[in-house]
Amino acid sequence: MGCDHEVRKRDWFRMSNGVVKSHPICKKCGAVKNLSSDKGRKISHFIIILSKLRTKLIDRGYKISDAQIRLIVRDLLEIDGFDDVWSITYSQQRDYFIRVVQKHLRIPRWVIERHFP
Ligand SMILES: [Zn+2]
């Protein structure tokens with residue numbers, strides 16, 4: 001399961017905006033703390049997006065079962081570190097989310113993307 005992260009040391013990493021910054025590193029799992037403004041969100045955030053997406057699609061005549069929704073949530077939670085807001089970025093979570101949703105529902109990427117904040 002998830003690591004509770006204990007910081008042992010710091011190291012220098014370049015962030016997506018090009019700035020090099022000293023980042024805390026977990027001594028247990030080696031994860032690097034995300035210091036960017038691109039902060040990851042808890043799984044509940046994505047479950048809400050999923051439920052809005054489902055409502056929208058059902059309005060348009062798609063059939064989406066509870067089982068499909070459960071499989072999507074299960075697949076998301078199986079991704080190592082998906083729910084770990086200490087290290088993951090929202091951009092990474094968004095990519096994973098789109099990939100998993102498209103595995104279970106045949107809908108275009110832009111339909112999913114419209115539901116992100
Ligand atoms: Zn850790």
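Does Arg94 fit the bill of being touching an Asp or Glu at 6+ places or on another chain (Cβ under 9 Å) and surrounded by 15 or more Cβ atoms within 10 Å (Cβ to Cβ)? Here the answer is yes, as Arg94 does meet what is asked. Any residue at all in the stretch 38-57 that's in contact with a Cys (Cβ under 6 Å, 6 or more places away or on another chain) and surrounded by 12 or more Cβ atoms within 10 Å (Cβ to Cβ)? No, the stretch 38-57 contains no residue that is in contact with a Cys (Cβ under 6 Å, 6 or more places away or on another chain) and surrounded by 12 or more Cβ atoms within 10 Å (Cβ to Cβ). Only one of the numbered conditions (1) without any contact (Cβ under 8 Å) to a residue 24 or more places away in the chain; (2) in a loop (DSSP other than H, G, I, E, B) is violated by Phe82, and that is (1). Just checking, does the stretch 29-38 include any residue being of a type in the set (Lys, Arg) and under 30 Å from Asp11 (Cα atoms)? Among the residues of the stretch 29-38, at least one is of a type in the set (Lys, Arg) and under 30 Å from Asp11 (Cα atoms), which makes the answer yes. Within the stretch 18-32, count every residue that is in contact with a Ser or Thr (Cβ under 7 Å, 6 or more places away or on another chain) and either on the phi > 0 side of the Ramachandran plot or in a loop (DSSP other than H, G, I, E, B) (or both). The qualifying residues number 1. Taken together, Val85, Val7 contain a single residue that is within 16 Å of the ligand (Cβ to nearest atom), in contact with a strand residue (DSSP E or B) (Cβ under 6 Å, 6 or more places away or on another chain) and among the aliphatic types (A, V, I, L, M), which is Val7. The residue that is nearest to the ligand (Cβ to nearest atom), counting only those in the stretch 11-34 that are basic (Lys, Arg) and touching a residue at least 12 places away in the same chain (Cβ under 8 Å), is Lys28. Restricting the stretch 88-112 to residues that are hydrophobic (A, V, I, L, M, F, W, C) and in contact (Cβ under 8 Å) with a residue 40 or more places away in the chain leaves a set whose member that is nearest to the ligand (Cβ to nearest atom) is Ile88.
Kindly provide the set of residues from the stretch 35-68 that are at pLDDT 95 or above and either assigned to a loop (DSSP other than H, G, I, E, B) or within 16 Å of the ligand (Cβ to nearest atom) (or both), ordered by number. Correct list: Gly40, Arg41, Lys42. Just so you know, in the stretch 16-34 the residues that are farther than 15 Å from Trp86 by Cα and among the hydrophobic types (A, V, I, L, M, F, W, C) include one that is modelled with the highest pLDDT, and it is Val20.
The values are calculated or read from the model by the stated rules, or taken from the named source; none is laboratory data. Quick caveat, the model's predicted, so the values are computed rather than measured. Every residue, glycine as well, gets a Cβ built from its backbone with ideal geometry; the counts of neighbours run over all protein chains shown.
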